[in-house]
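Values in this text are rule-based calculations from the coordinates and carry no lab data. Computed from a prediction, not measured in an experiment: that's the story for all the values here. Note: ideal-geometry Cβ built from the backbone for every residue, glycine included; neighbour counts use all protein chains shown.
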Ligand code: GUN
Ligand code: ZN
C-alpha cells in the first residue's frame, strides 16, 4: 500500500483524448482542483477541492490558487550534447553540423564536461516544464551513461542512446559499425527498463552511417525489440541530395531505413518535412512516428512541415512534437507549440492551442507508448506535472484579461509565454524547479 503524502491545489487541466477527434470531451478541467500524490510519486486522487476526501484534509499542501496545473511536457526529439549551442547561425543543416555541431559534440569524450552538461541539460528541461524527453546523446558511450545516471537521480522518464556514426564527420566523432553496436548493447543491458529509463538505438542519420553500420543497427533492433529507435529523416533539401548520392539504389530517403528494417512502432524520425506519398505510406503502414521540430525547421531554414500532408486519412502518419535543441531555438514547449502554429499557418492550417498542448503532452506520450504512465493527470499515473501561471508577465496579464476560453488562454501562453510562466515542475511527485513567490504552503 502506498501512502498519500501531499496535496496540490490549483486550476487542473488535463487531456483525455485528441481534441481533433472529439473537441468537447478532450479536456477535464477543475477550476478549484485538488490532486493528491503518494509516497512513490504517483497520483492517488484527483478532483475538486470540495470533493477532497476528509482522509486527505491534513496532508501538507502546495496551494497554487488559480494557476494551471497540467501534465508535464514531453519533448520527443532533442540533443543533450547540444544543450548550450543554440543560436549558431548557418546556411543550412549540413553547414550547421559541420561548422558548429560536431565541434561541440566532440567535447563529450571528457567525463567532467559530460557530467556538467547533463546537470545543466536536465535543469533547463525542468525549468521549461519538460518532465520527459527522448534525447540523442553524443557518440561517446560514457556520455550516454552519465546522462542516464543524472536522469535516474531525479527519477525522470528519459529515453536516450549513444549516437552511432561511422562516416562523414570528424574522425574524433566516429565509431565503427561493430564497436558502435557493442557499446549500444552494453548500455541497453545496463539501462533499458531500469526505473523510468529506456534506451533508443540511435544512428544519427543515413549520411553518417555506412551500410555496414545500418546493418549492425538492424541487428540491434532485432535483438532488442523493446528499445526505441531514433534518427533523422528528410529534413533539408541538401541532405536529401546527399542521401541520393550515398545510396544510389534507394527509391527515396525513407527507403534507406526501410531496407535495413528500421521502420516500426518504436521508430522516431526527426523532421520528415519533404516526404513523398510513397514515403508517407511506408511510415504509416509501419506505425512509425515523424517528430515535428518547428523552431529548428524555421531556424535552419529546413522547410515548412505540413501537418495536413502527414495526416491524410488514407495513410495517416503519427506525429510527435519536439524542441530539437540545439537546432531548435528554445527549450520551451510553449514556444514550440507557438512556432508549430506559425508553420501550420503557412500551410493554411489553423493549429488550435488545445491541439498543440495535447501534442506536447498526451499526444507525445501515446506515440511513445507511455500513455499508461504519463501525459495526463489520472489516478495511477506518475505525478509528473507543472504549474503554469497564465499571467506570468505584464503582457500575458493584459492579454489574459481578454481571453475568451481555455483554448484562447492557452493560445496566449503558446505565443507569449516562456520559462517565466513555468512556476513549478514536479517529477515523480518531487518539486524539481520552482519560481517561489506564488506558493502558499500550508
Ligand atoms: N541531422 C543529423 N544530425 C542532426 C542534428 O544534430 N540536428 C538536426 N536538426 N538534424 C540533424
Ligand atoms: Zn535532431
**Message:** Can you list the strands (runs of 3 or more DSSP E) lying wholly within segment 1-81 that have 3 or more residues being surrounded by 22 or more Cβ atoms within 10 Å (Cβ to Cβ)?
**Reply:** 4-15, 27-38, 61-71, 73-79
**Request:** Six or more apart or on different chains, Cβ under 7 Å: which pairs go from a residue in segment 285-297 that's touching a residue at least 24 places away in the same chain (Cβ under 8 Å) and under 13 Å from residue 229 (Cα atoms) to one that's within 12 Å of ligand 2 (Cβ to nearest atom) and outside any strand (DSSP E or B)? Could you list them?
**Result:** 290/272; 291/322
**Prompt:** What number of residues within segment 176-215 are surrounded by 21 or more Cβ atoms within 10 Å (Cβ to Cβ), outside any helix (DSSP H, G or I) and away from ligand 2 (no atom under 16 Å from the Cβ)?
**Reply:** 3
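Let's see how each residue does on (1) outside any helix (DSSP H, G or I); (2) away from ligand 1 (no atom under 16 Å from the Cβ); (3) over 26 Å from residue 301 (Cα atoms):
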{"position": "316", "(1), (2), (3)": "yes, yes, no"}
{"position": "319", "(1), (2), (3)": "yes, yes, no"}
{"position": "342", "(1), (2), (3)": "no, yes, no"}
{"position": "370", "(1), (2), (3)": "yes, yes, yes"}
{"position": "375", "(1), (2), (3)": "yes, yes, yes"}
{"position": "380", "(1), (2), (3)": "yes, yes, yes"}
**Prompt:** Scanning for something under 21 Å from residue 270 (Cα atoms), touching a residue at least 60 places away in the same chain (Cβ under 8 Å), within 16 Å of ligand 1 (Cβ to nearest atom) and under 21 Å from the mean Cα position of the chain (by Cα), does segment 167-175 turn up at least one residue?
**Reply:** no
**Which numbered condition residue 268 misses (of (1) assigned to a loop (DSSP other than H, G, I, E, B); (2) within 16 Å of ligand 2 (Cβ to nearest atom); (3) closer than 19 Å to residue 209 by Cβ)** = (1)
**Asked** Is one or more of the residues making up segment 290-300 assigned to a loop (DSSP other than H, G, I, E, B), touching a strand residue (DSSP E or B) at 6+ places or on another chain (Cβ under 7 Å) and on the phi > 0 side of the Ramachandran plot?
**Response** no
**Complete:** For segment 199-220, pairs from a residue that is under 11 Å from residue 177 (Cβ atoms) to a residue that is within 14 Å of ligand 2 (Cβ to nearest atom) and part of a helix (DSSP H, G or I), with Cβ under 9 Å and 6 or more apart or across chains, are 214/206
